[in-house]
Amino acid sequence: MSNKLALVTGGTTGIGAAICIALKAAGYNVAANYIDDDEQAHEFAKKEGVTVYKWDVSDFDQCVEGIKNVRSEFGHHIEVLVNNAGITRDHMLHKMKRSDWDAVMAVDLGACFNMCHAVIMAMREKTFGRIINISSINAELGQIGQTNYSAAKAGLIGFTRSLARESAVKNITVNAVAPGYTDTSMVKTMPKNVLKNMIKQVPMGRLAQPEEIARVVAFLAADESGFITGQTISVNGGHYMQ
């Protein structure tokens, strides 16, 4: 069991909520960032014993202030950071607006810089840290209508490898998890025929469950995983094999 402090962005719904629950079960003190739906976030906090904080992770200054508030309330620095927050603005490239590109880049990639920048110095000073970035199968496979999302999630993998090299000497591990299509509200908005055809491409013949992604994150956060860094762990039922 651990009493370390973990912060999960986009942590009150879907994969992020499952990650919070898994880390809480492993003994971490858990803080969850969110941006929308105050009522749902506070219901989650009450039910799961997770402290929630509202700020926009795509805003650098809000990340600095938000992390300062988390540290102040818990009384120590963040040992585990999970960059999970993400959005989609799907369109074929010839129909994609610049605002769709910018929004996805700001949240799905830019926020990772914002959050890591705000915690990395304390991790280096304490010579311990775990950073886990949630990428996607579409970073590896590509997807029609998702040039923005796929590019941002692929960028996370490159970011992960570079920060892992910078941080290894300070006992900070940096890894990525690339989920396949997962049973969340984001996937459920897909047209039924598209979803059905997509599942046919998965050798295991089903969607991932959020808890299956969360267990991998909890494994990477653990002290025992201290010699794993710069890696991308794919959890996709065989949909994409390297």
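Here are the numbers:
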item	result
Theoretical ellipticity at 222 nm over the chain - DSSP helices of four or more residues, -39500 (n - 2.57) apiece, nearest 500	-14000 deg cm²/dmol
Dipole-positive endmost among P203, A122, V174 within the chain (Cβ charges, Cα centre)	P203
Contact order relative to length of the stretch 20-159, as percent, for alpha carbon pairs under 8 angstrom and 6 or more apart	23 percent
Whichever aspartates and glutamates have a C-alpha closer than 18 Å to that of K4, once near sequence neighbours (fewer than 8 apart) are set aside	E48, E73, E79, E125, D223, E224
Amide H within-cut-off set for T232, under 5 Å, with H built and near neighbours excluded	A176
Ascending count of other beta-carbon atoms within 10 Å, so fewest first, for I157, I134, I15	I157, I134, I15
Footprinting exposure proxy for D61, D37, D90 (fewest neighbouring C-beta atoms within 10 Å first)	D61, D37, D90
Taking the stretch 153-242 and dividing mean pair separation by its residue count, relative contact order in percent (alpha carbons under 8 Å, at least six apart)	44 percent
Filtered trypsin sites (Lys or Arg not before Pro), the stretch 43-122: DSSP coil and at most 13 other beta carbons within 10 Å	K97
Alpha-carbon centroids, the stretch 71-130 and the stretch 144-179: separation in whole Å	11 Å
Helical segments meeting 20 Å axial Cα length and Kyte-Doolittle 0.5 threshold in the chain (DSSP H)	111-126
The stretch 1-73: C-alpha gyration tensor shape, a/c 1.5 cut-off, then a/b vs b/c	oblate
Residues D183, D100 arranged by fewest to most Cβ contacts within 10 Å	D183, D100
Percentage relative contact order, the chain, counting C-alpha pairs under 8 Å, at least six apart	19 percent
In the stretch 181-226, the trypsin sites (Lys or Arg not before Pro) that fall in loop regions by DSSP, at most 15 other Cβ within 10 Å	R206
Computed FRET value (nearest 0.05) for F113 with R206, which takes r as the C-beta separation and R₀ as 41 Å	0.75
Dipole in debye (nearest 20) - the chain, about Cα centre, beta carbon charges: Lys, Arg +1; Asp, Glu -1	580 debye
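Just so you know, all these numbers are worked out from the coordinates, no wet-lab data involved. Quantities reported herein were computed from a predicted structural model and do not represent experimental measurements. All Cβ positions, even for glycine, are placed from backbone atoms using ideal geometry, and neighbour counts span all protein chains on display.
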